[in-house]
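Student: One structure is given below, represented as structure tokens, and several questions about it will come after.
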Amino acid sequence: MLFLALFLYLVSSFFGIYNLITSKFHRFLANGFMGLALICYFIYFALRYLDQNTFPFGDIYGFFSLLGNLLVLAFILLSYKYSKLLYFSYMVAFIGFLSTLFALPSSPSPYKSTLYGLHLLSASLSYLFAFLGGMSSSLKLLIERRLKTHTLFQAYVPLNSLITAERLFTNLTFLGFTITLVFGSFWTRSQFGKHWIDDPKLLITLLLWIYYAILSHLNLLKKLKPKRFSEGVMIGTLLSIINLLFVRHSI
């Protein structure tokens, strides 16, 4: 099933490139194959879960695999509302292909705990929302600059949609990190007998939660200028990526 997902992602990427060059294929064809690849991936995910009775991915490879495929899912959902995003379908399909490759060397979770699985799943969604928030803010600032110079690119996304998206994804990131910490606390209590352990990644996640709490509430109270808020969202995305890529669990 996983190899079928890899094949379908490559087919989707091919159609995305061909459509970008010639515009002869239906614009949703690449998304169709991408959706089939995503279904195959999550069937593989579910089968491994049922077979192992635990979260199927317990290392960084599996985490990146899940995160990349969640990004593909978000892209498919957004592209049906904003069809201009389909210009980037070839790129997202290839990201899905690379992410699915990460599942091949991944190891199952050593902890047979539903709480641990929910902790990892909510963490994956938190990083996804942080990434999408940063992308929304980056595009917003870029489009605002282009509007001032009266030069826009072809894959134009409405500015109001980007403003809504950066606020939504920032709030979802805050909510996601909240749930991540809650599930993490319950899991460490059941696994180690205490609600908090001295783990670098958990500590940085707590700091990220505080950062997004301040950022989202300052925006809610209108204490930040729109440009400063966008810059804050981009900084949060950078900090989240650093935590994701360079900070490791000590357990």
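Student: Looking at the range 194-235 only, could you name the residues that are outside any loop (DSSP other than H, G, I, E, B) and among the basic types (K, R)?
Tutor: Selection gives K201, K227, R228.
Student: How many residues, within the range 189-219, are over 19 Å from the mean Cα position of the chain (by Cα) and at pLDDT below 90?
Tutor: So the count comes out to 12.
Student: Test F97 against the criterion of being surrounded by 17 or more Cβ atoms within 10 Å (Cβ to Cβ), over 23 Å from T54 (Cα atoms) and out of contact with any Pro (no Cβ under 9 Å at 6 or more places or on another chain), and give yes or no.
Tutor: Spelling it out, F97 is indeed surrounded by 17 or more Cβ atoms within 10 Å (Cβ to Cβ), over 23 Å from T54 (Cα atoms) and out of contact with any Pro (no Cβ under 9 Å at 6 or more places or on another chain).
Student: If A103 satisfies all but one of (1) closer than 26 Å to G236 by Cα; (2) buried (at least 22 other Cβ atoms within 10 Å of the Cβ); (3) not polar (S, T, N, Q), what's the number of the condition it fails?
Tutor: Just one mismatch for A103, condition (1).
Student: When S161 is evaluated against the numbered criteria (1) modelled with pLDDT under 85; (2) part of a helix (DSSP H, G or I); (3) under 17 Å from H249 (Cβ atoms), which criterion, by number, is the only one it fails?
Tutor: (3)
Student: How about the range 40-57: which of its residues are over 18 Å from the mean Cα position of the chain (by Cα) and either surrounded by fewer than 19 Cβ atoms within 10 Å (Cβ to Cβ) or free of Cβ contacts under 8 Å to residues at least 60 places away in the same chain (or both)?
Tutor: From the range 40-57, those over 18 Å from the mean Cα position of the chain (by Cα) are 40, 43-44, 46-56; that's our starting set.
Those that are over 18 Å from the mean Cα position of the chain (by Cα) and either surrounded by fewer than 19 Cβ atoms within 10 Å (Cβ to Cβ) or free of Cβ contacts under 8 Å to residues at least 60 places away in the same chain (or both): C40, I43, Y44, A46, L47, Y49, L50, D51, Q52, N53, T54, P56.
Student: Have a look at A37, A5 and point out the one that is in contact with a Leu (Cβ under 7 Å, 6 or more places away or on another chain), under 27 Å from Y87 (Cα atoms), in the same structural domain as M91 (by TED's automatic domain parsing) and touching a residue at least 12 places away in the same chain (Cβ under 8 Å).
Tutor: Only one candidate passes the filter, namely A37.
Student: Sticking with this structure for a sec: Considering only the range 136-149, I want to know if a residue exists there that is exposed (fewer than 13 other Cβ atoms within 10 Å of the Cβ), of a type in the set (S, T, N, Q) and either at pLDDT 90 or above or not assigned by TED's automatic domain parsing to the domain that holds F75 (or both).
Tutor: yes
Student: Looking at the range 50-65, can you tell me whether even one residue there is in the same structural domain as A30 (by TED's automatic domain parsing), assigned to a helix (DSSP H, G or I), touching a helix residue (DSSP H, G or I) at 6+ places or on another chain (Cβ under 7 Å) and among the polar types (S, T, N, Q)? Write out each step before concluding.
Tutor: Step one: filter the range 50-65 for residues in the same structural domain as A30 (by TED's automatic domain parsing), giving 50-65.
Pick out the ones that are also assigned to a helix (DSSP H, G or I) and you get 50-52, 60-65.
Adding the requirement that they be touching a helix residue (DSSP H, G or I) at 6+ places or on another chain (Cβ under 7 Å) leaves 63-65.
Pick out the ones that are also among the polar types (S, T, N, Q) and you get 65.
Yes, some residue in the range 50-65 is in the same structural domain as A30 (by TED's automatic domain parsing), assigned to a helix (DSSP H, G or I), touching a helix residue (DSSP H, G or I) at 6+ places or on another chain (Cβ under 7 Å) and among the polar types (S, T, N, Q).
Student: How about the range 95-117: which of its residues are modelled with pLDDT of 90 or more and part of a helix (DSSP H, G or I)?
Tutor: I95, G96, F97, L98, S99, T100, L101
Student: Now for a different question. Would you confirm whether any residue within the range 180-193 is under 14 Å from F129 (Cα atoms) and in a helix (DSSP H, G or I)?
Tutor: Yes: one or more hits.
Student: Exactly one of (1) in contact with a Gly (Cβ under 8 Å, 6 or more places away or on another chain); (2) under 21 Å from F183 (Cβ atoms); (3) at pLDDT below 90 is unmet by Y90. Its number?
Tutor: Among (1) in contact with a Gly (Cβ under 8 Å, 6 or more places away or on another chain); (2) under 21 Å from F183 (Cβ atoms); (3) at pLDDT below 90, Y90 violates only (2).
Student: Given the residues L147, L70, which is the only one that is out of contact with any Phe, Trp or Tyr (no Cβ under 8 Å at 6 or more places or on another chain), aliphatic (A, V, I, L, M) and under 27 Å from L208 (Cα atoms)?
Tutor: Values: L147 fails: under 27 Å from L208 (Cα atoms).
Selected residue: L70, the only one of L147, L70 that is out of contact with any Phe, Trp or Tyr (no Cβ under 8 Å at 6 or more places or on another chain), aliphatic (A, V, I, L, M) and under 27 Å from L208 (Cα atoms).
The values are calculated or read from the model by the stated rules, or taken from the named source; none is laboratory data. These numbers were taken from a predicted model, which means no experiment stands behind them. All Cβ positions, glycine included, derive from the backbone under ideal geometry; neighbour counts span all protein chains shown.
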